[in-house]
Amino acid sequence: MRWRLLPRSNFGQTVLLIGCLLLINQLVSYVSVAVYVIKPSTQQINQLLARQVELVFRDLQLDLDTLTPLDALREKLAEGQYMEAFSIPQARAEGLDEATYYRILSDQMSEYLGGDAEVRIAGGEQYQIWIRPPQAPQIWLRVPLSGFDESKINPLTIYLMVIGALSVLGGWWFARLQSRPLRRLQRAALQVSRGRFPKALPLSGSAEVVEVTKAFNQMARSMAELEADRNLLLAGVSHDLRTPLTRIRLSTEMMSKEDAFLKEGIEADIDDMNAIIDQFIAFIRGHQDEAMQVQSVDELLHDVAQQEEVRGQEIELALGNTPGIKLQPVAIKRVITNLVENGLRYGNGWLRLSSGVERGWVWFKIEDNGAGIPLDRLDELFQPFKQGDIARGGAGSGLGLAIVKRIVDGHGGEIHVANRPRGGLEAKVRLPSDGGE
């Protein structure tokens, strides 16, 4: 479970790795500076203060067992104006209780002065060091440090912030530079999967990415050539098939009235063969050349419903006022028409078209009241030349729903078919609201 929290993209993993390295670097830098720079400087300052305290008491020639007169000590300290003496109540009134106790500094001061000493540090407009010397435990000495201003940012903090910011920006730029060719490759691969062949991608990035890009460009170029050859072959085959069909149709026009029943059968077969050829061409070519336009699915559903009503077929509409999205209008209209024809062919006269909006998707649904399809045959319904013959007959070439699937996939959408609880079949198509970009 915890591994799911880690980023899966190359960009995220690179940023995480660089972030962890930066964090370790910052910690090591801080500890190194604290141990080898700050600590010796603090010890040196503490030692200098201990010497000053020791000199003050030595000049006063005070015995360690004798109480120091506070007034005499203040008079001595007034000469240098760098240290002040307070009794315990006076020290508390001056802010002793707000000062922070430092055990390490107290231990060092005790060692330097040869007795039990205590060191506290108070912040504010300027740092103040409070010292309780072992020579006079009832007195607190205060030493102001005018060179240390708490309101200013510590140079170490500035250093760490600048280095951290530059490192983060550099790491982000490096990760973005590495992931950009991969994102470009991903978008191009998605276009190829939808039957669109982009221009050759520029060779940039690491050596491994450049090699992958070269291989992808070669693959895309080969697939584009294969697609062109297939279209040329299909155009030739369709032309060669339509030519004899046209001759056969012309020949039927010369048939006598006694053979009218034969003429009608031949013409029906010719129409079926032309329709099958059209479906083959539509399946192979699709609608790759059609430009994307912003249009509402409701408009296309309404147009198809009107066309069927003109033919005498009533269709129930339950449109959800969907917004306009990027799509290929002719292609999506073909999807709706194929699904409507499928519902009318295998239903029992009732058909409903509905639409709506989901999070990130616009959907429409075609429902009929036919016999439905066995559950074990739903998965193969959109495969070429699969018709679900057991439940829904066997008319057509078996490419209608395969064409629907290819168009929907080309838009980055989804199509799901299921049996209705009250009988019949429903086909739901979802299209991305961003146009599948």
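All of the numbers you see were taken from the coordinates with simple rules; none came from a lab. Computed from a predicted structure; not experimentally measured. Glycine gets a Cβ as well: all are built from the backbone with ideal geometry, and neighbour counts include every protein chain shown.
Rg ratio for segment 98-146: its Cα radius of gyration over 2.2 N^0.38 Å, N being its residue count, equals 1.10. In terms of its C-alpha gyration tensor, segment 301-349 has a prolate overall shape, because the principal axis ratio a/c (a ≥ b ≥ c, square roots of the eigenvalues) is not below 1.5 and a/b outweighs b/c. Over all other residues within a Cβ to Cβ distance under 11 Å of T322, the charged ones net out to -3, with Lys and Arg as +1 and Asp and Glu as -1.
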